[in-house]
Every structure is written in structure tokens, then in C-alpha cells.
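J.: First, the structure itself, so that you have it in front of you.
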Amino acid sequence: MASIDDVLEKLDSDRQGALDRLFALMRIKSVSTDPAFGAECAKAAEWLAQDLAGIGFTASVRATAGHPMVVAHAKAAQRDAPHVLFYGHYDVQPVDPLNLWESDPFGPKIVDAATGPQIFGRGAADDKGQLMTFVEACRAFVATGGLPCDVTILLEGEEETGSPSLPAFLAENKKELSADIALVCDTGMWNRTTPAITAMLRGLVLEEVTIRAANRDLHSGLYGGAAVNPIHVLSKIVADLHDAQGRVTVPNFYDGVEDLPDDIAKQWRALDFDENAFLGDVGLSVPAGEHDRSVLEQIWARPTCDVNGIFGGYTAKGSKTVLPAQASAKFSFRLVGKQNPAAIAENFRSFVRARLPDDCEADFQSHGASPALQLPFGSEALSRARRALAQEWGKEAAMIGSGGSIPIVGSFKRDLKMDSLMVGFGLDDDRVHSPNEKYELSSFQKGARSWARILAALSA
């Protein structure tokens, strides 16, 4: 097996080649949301399969009901090596509005900026630049003596459309895709000089409620005061969802919620996170969650309940004196720890039903549910990855959470029984999904070196 120094030297000596390959991939207009680019998505899959085959992987393009998958396998240079599954996606978002781009979105180039050189173009950060950091690390290992781990690579072309073909594909290829751990490079750094490992992803429960009362809309002058108003009922239910301290009042809501380990809490306190700036950037100033929790805890490690939409009655211009027959609201619950999505949904529905007055009924519609995911803080893989990142970046990797969810990670845990190590090199200002997307050249180059160090550490 190659020494890590040889691998890093190979990566440094082949920087232009790596950039040329990334640019070739970025020139392919693999927009998954627009059927007009179906052939381009297929072209991107073929390009990746050929590139991986050129490294020495057994690579193939796999048809799905939508855009194809790319699956590739390569064995380690030594026996009894760990087996990793790397995931990335080659599809990109549409480029609209085109007039806001400073140059051709599919004409990648290097742009000089105050922070250093940047790779400019659609897919630079999401996710072509990110996935190619891992591919380049593998290429350097093979060129200098062989991979330290058995590696399976799964690249999809529908991530930007919600991965509709992925569940069936995982189910049909469960044995082939199973590994010791999944590696996901679709996340970001803490800042330009501090790497990060995303160790926590909140789960999600989505519920829609409709409160019904009278059999038709009513004249407020004739029935007002005598007839129950569903908007009033719904508003009171919404108001009851939180207490004066910002805690959610749904019964048993906090079952399965654990406090942060002391060492993780200490790390988070040490991060250069400015609560005032975080809220100030969106025109706010006062944290609105649980009063005894920091903002980072509120958005990463605590469960939430939010109303995402509420509607009923007359909402057009002007006035209409009407008592609506029904009112509706959409709710989202972000989950942490071992909270049970099914129990949360049922307890919420019971909470609503208990507050319905006579002559009212509630209809419920679920829009999805998934549990929280957390890589065990004491896991050996996590510890090794942290050490590897510290060696490359010269500082400890931040152990961060995510307020959102990454569906593929849930699928790996649920369908393949694998934890995921989420390491990425994107930045908040990369303008993903927006015009003028970019990826720091340092993220691309040091990202490849980081993956090389992580692979070596996982096999040590």
C-alpha cells in the first residue's frame, strides 16, 4: 500500500490534471429537473463511469426509472481492509435566471477573489467539485501503490429532484452496496480554515391539519358570535403549542431527547459563532426558541415545532365578511436523538383533537416522517476522521449538527444499516442553487488531500 506522503505528493503534482477533469465534468449540462437535459445527465454518468474505469474501478452505468446511477468497485491493496461506500451526485440545479450569471454557467473557469482563487460554474460546489475530491484521492492512491480500503462508489443523477429512484435502487442492490460505513461529501466546512464533520441530522415530521365546522361559509353579520369560527379554533391550537419558555407542549414530545455530551457542548461554545450576526443577517435580534438553550443548540440539537403555513377564509384584496367553514395549517417538527416520528405525529393529532370545541372536527394529512440521525460521538471512524482532518488543516475539525436533513443518509441507515461519515468542503457563500456558483480552489485541492488522509486513517 502506498504511503500517505506519496499519495499527497501525487495529488499536489497532478493539480492541473485534477482541475481539467473537474472542468470536463462541469461542462456537461446535467440538469436533472428539466427533461430537456436527459441526454446530458446520461452523458455525465457515462463520463464518470469511464473516468473511474480509467483509474482501475469496475464501473458501470445502471438504468433507473429516471436518470442513471453510476456504481463502481475497487479492492484494497491489502487483505481484510475496511469497506467504504462513497456517495455523491452528478446532477445540478437549473441555471435560471441566466441573466444574473457573470459568465457561462457551463463554462467553468478560475476566478481570482479576495479570499483566493475560486472555481466558477454550475456544479462547482454542488456536487461535482465535492465528489471529485474523493475520486482524485482514489486516483492518487492507485497511482502510488493501491487503495487502503475496499471502495464502492455510488453516484446518482436525481439528488436535486428528491432522489425518487434511489429507494428502489438501494433495495434491489442492497448486498452490492453494503459496506462498513458510508462517506458523504455533500456538506460544508465550519469556515474557510476550519474543517467540519456533520455528526447530527435532525429528523422531520410533516403534518397538515384542517379544522372543519359549518357546512358552508357563513355571513359574519348573521352568524358571528353564534357560530364557531375554525380560524379562531386553529389559532388557539397554534398558540398552545409552546409555553412561555419556548418549549413544545405536545405530550411526551421530549421523550428520547438527550442533552449534549459535555465535551461536545464545550466544543460548540468554543466555535466562533456570533448569535447576533446569525439572526441579524435576516433582520432579527432575539432568539425565539427554548430560553435556556444557545442558538447553536436550538438549530442543531433541539427538537422544534413550527407552523409553515396557515390559511382559511377570504384572503384576496379588500374585505369579505365571512365566517369560513374550514381553516388549515401546515406543521413541521424537527426531531433529535431517539424521538419516534410516528409517536410525535400521533401525539400531535391527539393534542389537536383535545382542543376541538363542539361542532368542530379535524382532518389530518401526513407529508412524511423520518427519525433523527447521529453518528455516535465515540465512534472509532469519527475519531480517526477528526485526526486526519486536523493533520491536513492544522486545527481540530468542528463537530457540527445540521438543522436540516440529508435523505440519502437516512436511507443508508434505514436500508443498508450503515452509519455515514459526512465530510464536505463547501462554504456558506458558495452560492449553491443560485447564479454564480463557486467552489474555493483550496476546498477542491485540500479536500482531495483530506479524503486521502481519511482513507488512510480508516485503514490504519
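A short reminder: the numbers here are calculations on the coordinates, not readings from a lab. The shown structure was predicted, so the numbers you read here are calculated from the model rather than taken from an experiment. So basically every Cβ, Gly included, is an ideal-geometry build from the backbone, and we count neighbours across all protein chains shown.
J.: Consider a paramagnetic label point 7 Å from the Cα of Ala39 along Cα→Cβ; state which residues of the range 67-82 have an amide N under 19 Å from it.
T.: 67-68
J.: If you line up the long axis of helix 230-240 against the longest principal axis of the chain, both from Cα atoms, how many degrees apart are they, to the nearest 10?
T.: Helix 230-240 and the main axis of the chain meet at about 60 degrees.
J.: If I fit a long axis through the Cα atoms of helix 441-459 and take the longest principal axis of the Cα atoms of the chain, what angle between them do I get, 0 to 90°, rounded to 10?
T.: Tilt of helix 441-459: around 80 degrees.
J.: Among rounded, prolate and oblate, which fits the range 51-159 when a ≥ b ≥ c are the square roots of the eigenvalues of its C-alpha gyration tensor, a/c under 1.5 means rounded, and a/b larger than b/c means prolate?
T.: Verdict is oblate for the range 51-159.
J.: What is the calculated FRET efficiency for Asn308 to Glu346, with r their C-beta to C-beta distance and R₀ = 22 Å, to the nearest 0.05?
T.: On the way: r = 20 Å, r/R0 = 0.90.
It comes to 0.65.
J.: Right, here's the next one. Which percentage, to the nearest 5, of the DSSP beta bridges contained in the chain is antiparallel?
T.: So the antiparallel bridges in the chain amount to around 70 percent.
J.: Which one of Leu222, Leu260, Gly246 is farthest out on the positive end of the charge dipole of the range 206-264, using unit charges on Cβ (Lys, Arg +1; Asp, Glu -1) and the Cα centre as origin?
T.: So the residue we want is Leu222.
J.: So how do Thr315, Thr64, Thr198 line up by other beta-carbon neighbours within 10 Å, fewest first? Don't skip to the end; give the middle numbers.
T.: Values: Thr315 8, Thr64 16, Thr198 24.
The order, fewest Cβ neighbours first, is Thr315, Thr64, Thr198.
J.: How far apart, in nanometres, would the label points at Tyr223 and Ser3 be if each is projected 7 angstrom from Cα along the Cα-to-Cβ direction?
T.: Placing both labels 7 Å beyond Cα along the Cβ direction yields 8.4 nm.
J.: Suppose R0 equals 25 Å; then what is the FRET efficiency for Ala63 and His367 from their Cβ-Cβ distance, rounded to the nearest 0.05?
T.: 0.25
J.: Would the range 1-107 count as rounded, prolate or oblate if I go by the C-alpha gyration tensor, calling it rounded below 1.5 in a/c and otherwise prolate when a/b exceeds b/c, oblate otherwise?
T.: oblate
J.: Which entries of Lys236/Lys338; Lys128/Lys446; Lys174/Lys417; Lys338/Lys413 have Cα-Cα distances beyond 20 Å here?
T.: Going by Cα-Cα distance, Lys236/Lys338 fall outside the 20 Å limit.
J.: Please report, in debye to the nearest 20, how large the charge dipole of the range 97-227 is about its Cα centre when each Lys and Arg carries +1 at its beta carbon and each Asp and Glu carries -1 there.
T.: Charge dipole of the range 97-227: 260 debye, to the nearest 20.
J.: To the nearest 20 Debye, how big is the dipole of the range 323-460 about its Cα centre, given +1 on the beta carbon of each Lys and Arg and -1 on that of each Asp and Glu?
T.: Working: 18 positive and 15 negative charges, 123 e Å.
I would put it at about 580 debye.
J.: Could you calculate the contour length gain from Val286 to Glu46, that is, 0.36 nm times the residue separation minus the distance between their Cα atoms, to one decimal place in nm?
T.: Taking Val286 through Glu46 to full extension adds about 81.3 nm, to one decimal.
J.: On to the next question. Once you place label points 7 Å from the Cα toward the Cβ at Ser383 and Ala460, how far apart are they in nm?
T.: Each label point is offset 7 Å from its Cα along the Cβ direction, giving 1.2 nm.
J.: Report the full-extension gain for the segment Gln16 to Ala390: residue separation times 0.36 nm, less the Cα-Cα distance, to one decimal in nm. Present the calculation step by step, with values, prior to reporting the outcome.
T.: Working: separation 374, 0.36 × 374 = 134.64 nm, distance 2.53 nm.
Stretched fully, the Gln16-Ala390 segment lengthens by 132.1 nm.
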